[in-house]
Amino acid sequence: MTKKAQNQLSDGTMISDLIDLETREVQLRTLADREIYDLEQERLFGKTWLLLGHETEIPNAGDFIQRYMGDDSVLVARAKDGEVHVSLNVCPHRGMKITTSESGNTQVHTCIYHGWAFKSDGQFLGSPVADQCMHGKIKSKEELGLTKARVTLYGGLIFATWNIDGPSFEDFLGDAKWYYDMLFCRTDAGLEVAGPPQRFIVRANWKTAGEQSAADGFHTLTLHRWLGEVGNYSKKGEGEGKGSDLTEEMFGAEVSSPHGHALRCIDLSRKIRRLTGKDPSELSVEERLRTLPPPGMTAEMVDQLKNHFSDEQLEVMAWMPPQVGGMFPNIIFAFLYIPQPDGTVVGSLALHTYVPKGPDKLEFTNWILVEKGTPPELKENMIMQTTQLLGTSGMVEQDDSDTWPHMTLSAKGAQGKKLTLKYQAMYETGKPEGWPGPGIVNEGFTKDDTQWHWWLYWHELMTSES
Ligand code: FES
Ligand SMILES: [Fe+2]
């Protein structure tokens, strides 16, 4: 490939010009263009760490699940020694898929085409009719194993990358890890999945969902307006002094990251006042955490927090914890409190990925998480309420998945594709007073800063040829 071909699209547009760094605009065509999609497979999905699932989906030796890293199917399997391996699900013989099952258990993965066999860790075991040396004499058995990805487990979540010598997962998270730990590494036993993930196809480019996940708070006021109006969610009459539609509990701190990660840390004061009738400033950090444990934790589990967090982290968890946000490139988390008719709350821990399936299609995957040891009735309630809110037919997801296909179609129009996505609501207000956490933190309701950082990292990866 020539230098020109690597930097330009076939119509002559420079990849670097897809984003105007001065005016903070992104060309709408990036949401539908096949060439850009193909480059993303190489430069983005071939380089960054990607979420594939949770280790509790494959608890036993031989357990496996089939997942995707970009367009590539991968086999996520637990070997006899307990280690989790991620291998390209493509037979090195002639390209058939090794497994066509979504999940299962086997010690030996045998290709259905000509019968080559592989271990859970991807090693080549052998081919049939051994006396004919079907796998040939040119390559050694070691050379005929499945292509392996680099794997990291974080809070039990399985991440993998094709960038074998690239940055560690810790480096990839950077300062944002300080906040993600408050979600995924809270208890001694850790999280587990509440069953296999739900999945559905949305006819939209993966970036429509990916960039929104980088903490777009503004759309919640319009697209999800009902969240402030309906039933137990109603916050009518609480917006005075904050601007027309804003209530106290929408305010907080937004964490941006040079690697495109984003977290919205949202003020718990209103909820604590409602539950206790007291001013939260009169309560200690511990009292606040016991009154309102982090979503999905019971009051009994709160003692374990001190085993995992610094005083500064506990302070943030009791004051303005991260509740919604994303991890680059295609992850959103929502660790929320769902209001109940009696004024109490039920925790909801949802994690989604938006897996690309072509320039105008994504697969939405939704895991529901619970802390191990969650009482069965609470677990059942969390699953039901999370499904209703954030599942494939959940009230929130129906809103979001209504807009993404329209944006993708807009990006295909001869006139529409000339427009831009705009990220000009940048305030850089700085951290809230007394904020003890690291990273790029801005106080207020929501900003374009987080999504702009998401696009800046997209731009960095897409314009990097190495
Ligand atoms: S393609 Fe797999 S054994 Fe031939
Ligand atoms: Fe949304």
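The values are calculated or read from the model by the stated rules, or taken from the named source; none is laboratory data. Being a predicted model, the structure only gives us computed values, none of them experimental. Positions of Cβ are generated from backbone atoms using ideal geometry, with glycine treated the same way; all protein chains shown enter the neighbour counts.
Each row is one residue, and each column tells you yes or no for (1) on the phi > 0 side of the Ramachandran plot; (2) in a loop (DSSP other than H, G, I, E, B); (3) not acidic (Asp, Glu).
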{"residue": "ARG290", "(1), (2), (3)": "no, no, yes"}
{"residue": "MET297", "(1), (2), (3)": "no, yes, yes"}
{"residue": "PHE309", "(1), (2), (3)": "no, yes, yes"}
{"residue": "ASP342", "(1), (2), (3)": "no, yes, no"}
{"residue": "GLY347", "(1), (2), (3)": "no, no, yes"}
{"residue": "GLY358", "(1), (2), (3)": "yes, yes, yes"}
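Looking at GLU428, GLU433, which one is loosely packed, with under 14 Cβ neighbours inside 10 Å, in contact with a strand residue (DSSP E or B) (Cβ under 9 Å, 6 or more places away or on another chain) and at positive phi?
Numbers: GLU433 fails: at positive phi.
GLU428 is the lone residue from the list that is loosely packed, with under 14 Cβ neighbours inside 10 Å, in contact with a strand residue (DSSP E or B) (Cβ under 9 Å, 6 or more places away or on another chain) and at positive phi.
Look through the stretch 236-271, keep the residues that are touching a Ser or Thr at 6+ places or on another chain (Cβ under 6 Å) and not in a strand (DSSP E or B), and return whichever of them is modelled with the highest pLDDT. Don't jump to the end; show me each part of the working.
Taking the stretch 236-271 as the starting set, the residues that turn out to be touching a Ser or Thr at 6+ places or on another chain (Cβ under 6 Å) are 238-239, 254, 256, 262.
When the remaining residues are screened for being not in a strand (DSSP E or B), the result is 238-239.
Details: GLU238: 60, GLY239: 51.
Across the stretch 236-271, the extreme among qualifying residues is GLU238.
Taking helices (runs of 4 or more DSSP H) that fall entirely within the stretch 363-466, which contain at least 1 residues that are away from ligand 2 (no atom under 16 Å from the Cβ) and charged (D, E, K, R)?
Numbers: elements: 376-390, 395-410, 449-462.
Of the helices (runs of 4 or more DSSP H) lying wholly inside the stretch 363-466, those with at least 1 residues that are away from ligand 2 (no atom under 16 Å from the Cβ) and charged (D, E, K, R) span 376-390, 449-462.
Kindly list, by first and then second residue, each pair from a residue in the stretch 88-101 that is away from ligand 2 (no atom under 16 Å from the Cβ) to a residue that is among the acidic types (Asp, Glu) and not in a loop (DSSP other than H, G, I, E, B), limited to pairs with Cβ atoms under 7 Å and residues at least 6 apart or on different chains.
Filtered contacts from the stretch 88-101: LEU88/ASP72.
Considering only residues that are closer than 23 Å to CYS265 by Cβ, hydroxyl-bearing (Ser, Thr, Tyr) and not assigned by TED's automatic domain parsing to the domain that holds VAL324, which ones fall in the stretch 132-186?
Result: TYR154, single match.
For the stretch 436-466, give me each residue that is buried (at least 18 other Cβ atoms within 10 Å of the Cβ) and among the polar types (S, T, N, Q).
Result: ASN442, THR446, THR450, GLN451.
Just a yes or no: is a residue in the stretch 417-440 under 23 Å from LEU173 (Cα atoms) and under 20 Å from the mean Cα position of the chain (by Cα)?
The answer is yes; a qualifying residue exists.
So, of the residues in the stretch 438-462 that are in contact with a helix residue (DSSP H, G or I) (Cβ under 8 Å, 6 or more places away or on another chain) and among the aliphatic types (A, V, I, L, M), which turns out to be farthest from HIS261 (Cα to Cα)?
MET462
Pull up the stretch 390-406, narrow it to residues that are of a type outside the set (S, T, N, Q) and surrounded by fewer than 19 Cβ atoms within 10 Å (Cβ to Cβ), then point me to the one that is nearest to ligand 1 (Cβ to nearest atom). Give the steps one after another, and end with the answer.
We begin by selecting, within the stretch 390-406, every residue of a type outside the set (S, T, N, Q); these are 390-391, 394-397, 399-400, 402, 404-406.
With surrounded by fewer than 19 Cβ atoms within 10 Å (Cβ to Cβ) added as a condition, the list becomes 395, 399, 402, 405-406.
Numbers: MET395: 45, ASP399: 44, ASP402: 42, PRO405: 36, HIS406: 41 Å.
Filtering first and then ranking leaves PRO405.
Identify, from the list ALA176, ALA160, ALA130, the residue that is over 25 Å from LEU44 (Cβ atoms) and either under 18 Å from the mean Cα position of the chain (by Cα) or modelled with pLDDT under 95 (or both).
On the way: ALA176 fails: over 25 Å from LEU44 (Cβ atoms); ALA160 fails: over 25 Å from LEU44 (Cβ atoms).
Exactly one of ALA176, ALA160, ALA130 is over 25 Å from LEU44 (Cβ atoms) and either under 18 Å from the mean Cα position of the chain (by Cα) or modelled with pLDDT under 95 (or both), namely ALA130.
So which strands (runs of 3 or more DSSP E) stay within the stretch 53-153 end to end and still have 1 or more residues that are away from ligand 1 (no atom under 16 Å from the Cβ) and surrounded by 14 or more Cβ atoms within 10 Å (Cβ to Cβ)? Working first, answer last.
Values: elements: 63-69, 72-78, 84-88, 103-105, 108-110, 117-119, 124-126.
Because the criterion is at least 1 residues that are away from ligand 1 (no atom under 16 Å from the Cβ) and surrounded by 14 or more Cβ atoms within 10 Å (Cβ to Cβ), the strands (runs of 3 or more DSSP E) in the stretch 53-153 that meet it are 63-69, 72-78, 84-88, 103-105.
Among the residues in the stretch 348-363, are any out of contact with any strand residue (DSSP E or B) (no Cβ under 9 Å at 6 or more places or on another chain) and surrounded by fewer than 17 Cβ atoms within 10 Å (Cβ to Cβ)? Break it down into steps so the answer makes sense when it comes.
Of the stretch 348-363, the ones out of contact with any strand residue (DSSP E or B) (no Cβ under 9 Å at 6 or more places or on another chain) are 358-360.
Adding the requirement that they be surrounded by fewer than 17 Cβ atoms within 10 Å (Cβ to Cβ) leaves 358.
There is at least one residue in the stretch 348-363 that is out of contact with any strand residue (DSSP E or B) (no Cβ under 9 Å at 6 or more places or on another chain) and surrounded by fewer than 17 Cβ atoms within 10 Å (Cβ to Cβ).
As an exercise: evaluate SER213 against (1) modelled with pLDDT of 95 or more; (2) surrounded by fewer than 22 Cβ atoms within 10 Å (Cβ to Cβ); (3) within 16 Å of ligand 2 (Cβ to nearest atom) and give the number of the one condition it does not meet.
Only one criterion in (1) modelled with pLDDT of 95 or more; (2) surrounded by fewer than 22 Cβ atoms within 10 Å (Cβ to Cβ); (3) within 16 Å of ligand 2 (Cβ to nearest atom) is unmet by SER213, namely (2).
Please go through the stretch 40-52 and give me each residue that is buried (at least 22 other Cβ atoms within 10 Å of the Cβ) and of a type in the set (Asp, Glu), ordered by number.
GLU40
Can you go through TRP367, TRP435, TRP404 and tell me which one is hydrophobic (A, V, I, L, M, F, W, C), in contact with a helix residue (DSSP H, G or I) (Cβ under 6 Å, 6 or more places away or on another chain) and touching a residue at least 24 places away in the same chain (Cβ under 8 Å)?
Values: TRP367 fails: in contact with a helix residue (DSSP H, G or I) (Cβ under 6 Å, 6 or more places away or on another chain); TRP435 fails: in contact with a helix residue (DSSP H, G or I) (Cβ under 6 Å, 6 or more places away or on another chain).
The match here is TRP404.
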